[in-house]
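Just below is one structure, and these are the notes that go with it.
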Amino acid sequence: MNRTTLNAVGVGLASGLLFAGIVAFAGTDAGASADLNMNAPAFSATGTDGKTYTLQSFLEKGPVVLYFIKEGCPVNHRAAPYVTKLTGAYGEKANVVGIYNGDVSSARAWAKEYKAEYTILADPQYKVIRSYKAHYSPWLVAVGKDSKITNVFEGASPASLAKVNSLVASAAGMKLASIDFSGAPSGGG
């Protein structure tokens, strides 16, 4: 099933249009996007706690949502508090991982500013960002326990965040948290 078909059935994926206010990552191909059902690219990156993490280490807990963050992105700054609310609602069972396009020190400062209750990984060389073809911030990619990409959200609109909320609740085996996403940035998938 292609992306257009998935949009038609209402799973909330972006149509591939460029949305005003979404900030591009430098050096990424804006014409490409991670494909659904493809194997998620493996990675290894350093977290704000100084530890090294791999995709596999997160998948051992279950499905994961990768949240791509661009330093200085004004749209991401508006979306970040909603991702923090979402992860806070599920505690340690929320398998959400931030991928930050800077060094560990900058990622740590960002995590502190937004009270991130989830792991933030530094990606100063854009290796993870490029491998997932994330070219805008914010950008969210859901990866199933089988390592397949199940959803791509180009932006963090209220509709996208509501779908991510549903995915996280299901993966955590918990009741859907009631979170008001109405103030999240509009546009995006």
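Here are a few things to note about the model shown:
- Selection of first residues in the stretch 149-177 that are without any contact (Cβ under 8 Å) to a residue 12 or more places away in the chain and of second residues that are surrounded by fewer than 20 Cβ atoms within 10 Å (Cβ to Cβ) and outside any strand (DSSP E or B), restricted to Cβ pairs under 6 Å at least 6 apart or on distinct chains, gives the following pairs, ordered by first then second residue: Leu176/Ala169.
- Looking at Val104, Val96, just one residue is under 20 Å from Val75 (Cα atoms) and hydrophobic (A, V, I, L, M, F, W, C), and that residue is Val96.
- In the stretch 46-63 there is no residue that is under 14 Å from the mean Cα position of the chain (by Cα), in a strand (DSSP E or B) and not polar (S, T, N, Q).
- The number of residues in the stretch 89-106 that are under 14 Å from Thr48 (Cα atoms) and charged (D, E, K, R) comes to 1.
Values in this text are rule-based calculations from the coordinates and carry no lab data. Note that the coordinates shown come from a computational prediction; the quantities given were computed from them, not determined experimentally. With ideal geometry, Cβ positions are generated from the backbone for all residues, glycine too; neighbour counts draw on all protein chains shown.
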